[in-house]
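Chemist: My questions will all concern the structure given below.
Please treat every number below as a calculation from the coordinates, not as lab data. None of the values given here were measured: they were computed from a predicted structure. All Cβ positions, glycine included, derive from the backbone under ideal geometry; neighbour counts span all protein chains shown.
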Amino acid sequence: MARPTALITGITGQDGSYLADFLLEKDYRVVGVVRRSSTENFSRIEHIRDRIELEQADLLDQYSLIEIVGRTRPSEVYNLAAMSFVPTSWTQPVLTAEFDAVGVVRVLEAIRLADPTIRFYQASSSEMFGKVREVPQRESTPFHPRSPYGVAKVYGHCITVNYRESYDLYACSGILFNHESPRRGKEFVTRKVTHAVARIKLGLASELRLGNLDARRDWGFAGDYVRAMWLMLQQKEPDDYVVATGEQHTVRELVELAFEHAGLDWREYVVQDPALMRPAEVDTLLGDPSYARQRLGWSPEVSFPELVRMMVDSDLQQLRRSGAS
Ligand code: NAP
Ligand code: G4F
C-alpha cells in the first residue's frame with residue numbers, strides 16, 4: 001500500500017512539530033505548510049527537516065491553499081496554523097479573525113475543490129467555553145468565548161461542523177484544552193514560568209512578573225494530544241471531541257511546582273503585575289475527556305507534575321548547553 005500523505009498547516013508550531021514526529025513514526029509522507037518569512041524559524045522541526053516536505057502557503061491566501069492541496073494530494077489535512085496567543089487577539093482582533101476564523105473556511109474550500117474525500121482536522125480550543133456554562137466542559141457544553149481569539153475559534157469550529165453536514169466531508173473538530181511541552185512558546189504561562197525558573201536557578205534573572213495567579217487550567221502534554229488528533233481521523237465516522245486530562249490546577253500551583261523542582265521558594269521571585277491581567281479572563285477550564293476515551297481509546301500519559309518537571313529540566317539543559325550560566 002502507498003504511504004498515506006498528511007498535510008499539516010502550522011508545522012513550525014508546538015503541535016505541528018509533535019504531530020510531524022508522530023506521523024513520521026507511522027510512516028506517513030508529511031507535507032508541512034509554512035508561510036513566507038524574511039528569516040526562517042524552523043527550530044522545532046530542525047531534527048526532521050530532511051524527512052518532511054515544506055511548501056509555502058498562507059492561511060490568508062485562498063489560491064495558495066487550493067494549489068497546495070491540489071498538487072500534494074494529501075489523504076489527511078491537519079489545520080493547526082493560527083494566531084494562538086490570546087492577549088494578542090485583543091491588540092490584533094481583525095488579523096486574528098482572518099487567520100483563525102476565515103482561514104479555516106479557506107482550507108475547507110481548498111479540500112472541497114481539490115478532493116472532498118480528504119479527511120480534515122480542525123484545531124479548536126477550550127477557549128471557546130470561556131465563561132463556562134457547566135463544569136466540567138464536554139462536547140455539548142454551550143460556548144461563551146471571552147476573547148477575540150475564542151470568538152474566532154468558535155467560527156472555525158462551527159464552519160467545520162457545517163462543512164461536514166453540508167458537503168458530507170470527513171471533518172473533525174478537536175476541542176483541545178491547554179497542552180504544553182518543552183517546545184511551547186515562551187509567552188505562554190507554563191513555559192514563561194519554567195524558563196524563568198531555569199534563568200533564576202542559573203543566576204541569569206532575579207524576578208518573574210505574572211498576571212492572574214488564580215486562573216485554573218486543565219493542562220496536558222502536547223505529545224499526548226497529537227495522538228488524539230490522528231485517532232479522530234481514523235474512525236468510521238467524523239465527530240468532535242474534547243481532549244483534556246480531567247484535572248485542574250491554578251497558575252499558583254504551577255509556579256509552586258516549578259520553583260520547588262529547582263529547589264527555589266517562588267515567593268522570593270514572583271511579582272504580580274496588573275499590566276498582565278486580561279480585559280476579560282477565562283477563570284476556569286476543566287475538560288471531560290470521557291467521549292474521547294470511550295470512542296478513540298485515548299487517554300493522557302503524562303501527569304501535570306511530570307509535565308512541569310520535564311519543562312524545567314529541558315529549560316535548564318538548554319540554557320546550560322548554550323553556555324548561558
Ligand atoms: P503555535 O505554537 O503558536 O503555532 C502556530 C502555528 O501557526 C505556527 O506554525 C505558525 O507559523 C502558524 N501560522 C500562524 N499564522 C499563519 C498563517 N497566516 N499562515 C500559515 N501559518 C500560520 O500554536 P500551537 O500551540 O502549536 O497550537 C496549534 C493549534 O492548536 C492552533 O490553532 C491553536 O490555536 C490551537 N490550540 C492550541 C492549544 C494549546 O494549548 N497549545 C489548545 C487548543 C487549541 P509561524 O512559525 O510562521 O509563526
Ligand atoms: O498560557 P496562557 O497564555 O494560555 P491560554 O490563554 O489559556 O491559551 C492557551 O490555551 C488555549 C486553550 O484553552 C489555546 F486555545 C490557546 O491557543 C493557548 O494555547 O494563559 C493561561 C492562564 C491565563 O488565565 C492567564 O491569565 O495563565 C494566566 N496568566 C497569569 N500570568 C498568564 C500570565 N498567562 C500568560 N501568558 N502570561 C502571564 O504572565
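Chemist: In the range 240-255, how many are more than 19 Å from the chain's Cα centre (by Cα) and acidic (Asp, Glu)?
Modeler: Number of matching residues: 1.
Chemist: Provide a single number: the residues in the range 1-12 that are touching a helix residue (DSSP H, G or I) at 6+ places or on another chain (Cβ under 7 Å) and assigned to a loop (DSSP other than H, G, I, E, B).
Modeler: 3
Chemist: Can you confirm whether the range 212-219 contains a residue that is buried (at least 19 other Cβ atoms within 10 Å of the Cβ), within 14 Å of ligand 1 (Cβ to nearest atom), aromatic (Phe, Trp, Tyr) and more than 21 Å from Gly156 (Cβ to Cβ)?
Modeler: yes
Chemist: Looking only at helices (runs of 4 or more DSSP H) that lie completely in the range 219-315, which have at least 3 residues being more than 28 Å from Asn162 (Cα to Cα)? Let's see the steps before the verdict.
Modeler: Values: elements: 222-232, 251-261, 290-296.
Those helices (runs of 4 or more DSSP H) span 251-261.
Chemist: How do the pairs read when you match residues in the range 1-13 that are farther than 20 Å from Ile66 by Cα with residues anywhere that are acidic (Asp, Glu) and surrounded by fewer than 16 Cβ atoms within 10 Å (Cβ to Cβ), using Cβ under 7 Å and keeping only pairs 6 or more apart or on different chains?
Modeler: Between residues of the range 1-13 that are farther than 20 Å from Ile66 by Cα and residues that are acidic (Asp, Glu) and surrounded by fewer than 16 Cβ atoms within 10 Å (Cβ to Cβ), the close pairs are Arg3/Asp27.
Chemist: Residues in the range 161-168: is at least one outside any loop (DSSP other than H, G, I, E, B) and buried (at least 24 other Cβ atoms within 10 Å of the Cβ)?
Modeler: no
Chemist: Continuing with the same structure: Take Ser126 and tell me if it is within 15 Å of ligand 2 (Cβ to nearest atom) and crowded, with 24+ Cβ neighbours inside 10 Å.
Modeler: So Ser126 fits the description; yes.
Chemist: Taking the condition within 8 Å of ligand 2 (Cβ to nearest atom) and crowded, with 20+ Cβ neighbours inside 10 Å, does Arg209 pass?
Modeler: The answer is no for Arg209.
Chemist: When residues of the range 139-177 are filtered for being closer than 23 Å to Asp283 by Cα and hydroxyl-bearing (Ser, Thr, Tyr), how many remain?
Modeler: Of the residues in the range 139-177, 5 are closer than 23 Å to Asp283 by Cα and hydroxyl-bearing (Ser, Thr, Tyr).
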